[in-house]
Amino acid sequence: MDTIPVTKTPSRFFREVSTVWAIICREIAVAFKSPGTLAMTLIMPIMMMGMIGGNLTQNMAGGLGFDFGTFMLVGMMVNMLFMMTAQGVATLVDDNEANFSEEMLIAPVSRVSIVIGKIGGSMFSAIVSMLGTVIVGAFMGITLSIGQFLSILALAPLVCLSAGAMSMILIGLIKNRKAANMAVMIVVMPQMFLSGAIIPINNSSGILMVLSRMLPMTYAVDLTRAVVYTETPEYANIVIFNPAVSIAAIVSITVVCLLIGTFFYAKSEKNR
């Protein structure tokens, strides 16, 4: 009697990893098919570094006790990673309108894998934008060593994950594309100033200090600067927190935002 061959089904872990990778590849392909989007990832650093950064360098860099150019460049690199990832995750609303997310949600994969894949795909545009910031900085005479640049690049996944997790809460609650994009910008833009990305916040007090301590970008910026300025005389004047504290804060905020955001996102899709 002939036996029926048994096909092995892929393990749960392999299926989840494949899902994440497939979504990342899709997001990168979409980015390449949209030259306008890629162009914006390079225009944004010119506006941020060239205009805002240039004015700040010329008008408030004196008497700080450290090189403001490098300080600002590192902060702007983190800011671009954060901003572009958050905006990329906001395109989940577009996926909803195209019913793409609905097709993903009926697949036998976890919602967390879908969200992480989306964040991972958005990281591509974020890194392109970060490279644009480095190029603009070079034209302004601000450079980093290869080791410093690679250190920032190594921290990029953690920064992008925290940005995407924060954005997920907004996407889970807001289903209109324009409203979602506006909400992301309202949340991300103030962090550029409150987190110390371009303006030192060492002496902030009162409500400004409380707000800065609640923001994930604050810890992402400070951790990145801790890595860049390690074993330098400027370290004590620039870095606010112990790197272990920054990592713990980023991980905690990311996990909480990711779980809450994914819950609301999956719940909103079930109600469609």
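The condition of being within 14 Å of the chain's Cα centre (by Cα), of a type in the set (A, V, I, L, M) and surrounded by fewer than 20 Cβ atoms within 10 Å (Cβ to Cβ) holds for only one of Val245, Val187, Val256, that being Val187. Residues of region 154-162 include at least one that is modelled with pLDDT of 90 or more, within 21 Å of Ile240 (Cβ to Cβ), touching a Pro at 6+ places or on another chain (Cβ under 7 Å) and assigned to a helix (DSSP H, G or I).
From the residues in region 58-79 that are among the hydrophobic types (A, V, I, L, M, F, W, C) and either touching a Lys or Arg at 6+ places or on another chain (Cβ under 9 Å) or farther than 27 Å from Met44 by Cα (or both), which one is modelled with the lowest pLDDT? Can you show your working first?
The first filter runs over region 58-79 and keeps only residues among the hydrophobic types (A, V, I, L, M, F, W, C), leaving 60-61, 64, 66, 68, 71-74, 76-78.
Imposing the further condition that a residue be either touching a Lys or Arg at 6+ places or on another chain (Cβ under 9 Å) or farther than 27 Å from Met44 by Cα (or both) reduces the set to 71, 74, 78.
Working: Phe71: 88, Val74: 92, Val78: 93.
Top of the filtered list is Phe71.
Going through (1) at pLDDT below 65; (2) buried (at least 16 other Cβ atoms within 10 Å of the Cβ); (3) not in a helix (DSSP H, G or I) one by one, Gly53 falls short only on (3).
Please indicate, with yes or no, whether at least one residue in region 262-271 is under 24 Å from Ser151 (Cβ atoms), surrounded by 14 or more Cβ atoms within 10 Å (Cβ to Cβ) and in contact with a helix residue (DSSP H, G or I) (Cβ under 7 Å, 6 or more places away or on another chain).
No: zero hits.
Comparison of Met48, Met40 shows that the only residue that is at pLDDT 65 or above, in a helix (DSSP H, G or I) and either among the polar types (S, T, N, Q) or over 30 Å from Arg111 (Cα atoms) (or both) is Met48.
Quick check on this structure: which one of Leu211, Leu194 is among the hydrophobic types (A, V, I, L, M, F, W, C), farther than 16 Å from Met80 by Cβ and surrounded by 20 or more Cβ atoms within 10 Å (Cβ to Cβ)? Quick ask: steps written out before the conclusion?
Details: Leu211 fails: surrounded by 20 or more Cβ atoms within 10 Å (Cβ to Cβ).
Checking each option against the conditions leaves just Leu194.
Among the residues here, Phe82 does not qualify as modelled with pLDDT of 65 or more, surrounded by 14 or more Cβ atoms within 10 Å (Cβ to Cβ), touching a helix residue (DSSP H, G or I) at 6+ places or on another chain (Cβ under 6 Å) and part of a loop (DSSP other than H, G, I, E, B).
Once region 93-113 is narrowed to residues that are assigned to a helix (DSSP H, G or I) and either buried (at least 24 other Cβ atoms within 10 Å of the Cβ) or small (Gly, Ala, Ser) (or both), the residue that is modelled with the lowest pLDDT is Ser101.
Can Lys175 be described as assigned to a helix (DSSP H, G or I), among the basic types (Lys, Arg) and touching a residue at least 60 places away in the same chain (Cβ under 8 Å)? Give the derivation first.
Working: assigned to a helix (DSSP H, G or I): no; among the basic types (Lys, Arg): yes; touching a residue at least 60 places away in the same chain (Cβ under 8 Å): yes.
Answer is no for this residue.
Do you know which residues across region 7-31 are among the small types (Gly, Ala, Ser) and either at pLDDT 75 or above or assigned to a helix (DSSP H, G or I) (or both)? Within region 7-31, Ser18, Ala22, Ala29, Ala31 qualify. Checking Met182, Met189, Met209, Met168 one by one, the residue that is in contact with a Gly (Cβ under 7 Å, 6 or more places away or on another chain) and not in a loop (DSSP other than H, G, I, E, B) is Met168 and no other.
Which ones in region 220-241 are assigned to a helix (DSSP H, G or I), hydroxyl-bearing (Ser, Thr, Tyr) and either in contact with a Phe, Trp or Tyr (Cβ under 7 Å, 6 or more places away or on another chain) or farther than 21 Å from Thr70 by Cβ (or both)? Steps first, please.
Step one: filter region 220-241 for residues assigned to a helix (DSSP H, G or I), giving 220-228, 235-238.
Now drop any that are not hydroxyl-bearing (Ser, Thr, Tyr), which leaves 224, 235.
Selection gives Tyr235 alone.
The values are calculated or read from the model by the stated rules, or taken from the named source; none is laboratory data. What you are looking at is a predicted structure, and each value in this text was computed from that prediction instead of being measured. Virtual Cβ from ideal backbone geometry, glycine too; neighbours counted across all protein chains shown.
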